[in-house]
Amino acid sequence: MEKKITVLPGDGIGPEVVASAVRVLQVIGKRFNHTFHLGYATIGGAAIDQHNNPLPDETIDMCENSDAILLGAVGGPKWDQNPPELRPEKGLLRIRKHFDLFANLRPVKAFPSLLDASPLKREVAENVDLMIVRELTGGVYFGEPRMRTENGAIDTTVYSKAEVERIVENAFELARLRGGKLCSVDKANVLETSRLWREVVEEKKKDYPDVRVEHNLVDSVAMKLITNPGHYDVVVTENMFGDILSDEASVITGSLGVLPSASIRGDNFGLYEPVHGSAPEIAGQGVANPAATILSVAMMLQYSFGLKEEAAEIERAVSAVFDDGYFTADLARDGGRTLSTNEWTDKVINEIDTSF
Ligand code: ATP
Ligand code: MG
């Protein structure tokens, strides 16, 4: 298989973790006989410095001619005082909008060797293997009117039926690929948009008789994610509920450094990035944990290219390196060895290289 990937290293630790992920991608290509053509472009602070624009046209053009995007992270203190249009984060918002990436996927899975990092009890954390599917382009963050009034303020939650249908369909497809279980999250006892959401799920489920569906209220999911997270497989929800629940779910693993994400739109195109930010205080030191970005590459292989076996091999290798007792500084623990970003990546590559 031949694929074109645009690589956007970004700011802070972005370039370091992306370099690791690219090395893993290349070794997977070698092993499974795929050619990945990489093009590099700028976004965020790096793009502001070079082009005075957090998302330059050349970057958009290159992404448009690619099959997928791999992104590091954007932002840092250097650009904090910039006017709103020249903030690094603008680049990220604009790229999502430009490519209409309406579904944000965040898998949460506890690695056996990292269970002690979880704030949950080992026997609770070890059963976690879920995916939050968050609607990313609608809802209260974009609805009009939004304004300050003389004595208050207004935000508006807006969803069209078509917007709900496309994200729900996506979630059903993912549920089918995973454990065949879908939990739809809403607040249908109070909100009109939630009643629409529930209606659409009920309609769509006729097309997916093999998927078991349940409706949960968001407040109840917030509790159950802590008391019984093992219950969930695919969880689909609207933008703001997804924002909150995906952060809640992410702490279950005990480390930001191992959480990948994908933003997709229902065809094969997608943007893949770690959940964590640019961590400016450790940038340039070679100590960042590249696992989240490496696992984002695994998501790219699976969701954009349909390469399941290759994706599983990356996940296996990452888990095996943890099991062997190798960690980056953020996960340093008794009995383990602390490696630099590059040394840890070498272990992953070695694991993939020598397993065939
Ligand atoms: P942003 O606003 O970009 O989300 P943030 O400060 O909210 O940034 P991060 O940049 O993700 O969040 O950093 C949060 C903390 O986690 C920091 O202490 C950072 O050093 C640490 N951290 C984040 N990612 C990693 C990583 N890959 N490896 C090691 N430490 C990390
Ligand atoms: Mg943050």
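The values are calculated or read from the model by the stated rules, or taken from the named source; none is laboratory data. Just so you know, these numbers come straight off a predicted model, no measurement behind them. Glycine also receives a Cβ, built like all others from the backbone with ideal geometry; neighbour counts cover every protein chain displayed.
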Sole miss for residue 247 among (1) in the same structural domain as residue 142 (by TED's automatic domain parsing); (2) within 16 Å of ligand 1 (Cβ to nearest atom); (3) in contact (Cβ under 8 Å) with a residue 12 or more places away in the chain is condition (3)
Restricting the stretch 260-282 to residues that are of a type outside the set (Val, Ile, Thr) and near ligand 1 (Cβ under 9 Å from one of its atoms), the one surrounded by the most Cβ atoms within 10 Å (Cβ to Cβ) turns out to be 274
Among helices (runs of 4 or more DSSP H) entirely inside the stretch 106-205, those with 3 or more residues being surrounded by 18 or more Cβ atoms within 10 Å (Cβ to Cβ) and either within 25 Å of the chain's Cα centre (by Cα) or of a type outside the set (Lys, Arg) (or both) are 161-177, 192-204
From the option list 320, 292, 329, single residue qualifying as out of contact with any Cys (no Cβ under 9 Å at 6 or more places or on another chain) and within 29 Å of residue 95 (Cβ to Cβ) is 292
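For (1) surrounded by fewer than 19 Cβ atoms within 10 Å (Cβ to Cβ); (2) away from ligand 1 (no atom under 16 Å from the Cβ), each residue gets a yes or a no:
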{"residue": "286", "(1), (2)": "yes, no"}
{"residue": "305", "(1), (2)": "no, yes"}
{"residue": "316", "(1), (2)": "yes, yes"}
{"residue": "329", "(1), (2)": "yes, no"}
Verdict on residue 235 being over 24 Å from residue 120 (Cβ atoms), assigned to a strand (DSSP E or B) and at pLDDT 95 or above: no
In the set 305, 241, the lone residue that is of a type in the set (Phe, Trp, Tyr) and either more than 25 Å from residue 7 (Cα to Cα) or in the same structural domain as residue 166 (by TED's automatic domain parsing) (or both) is 241
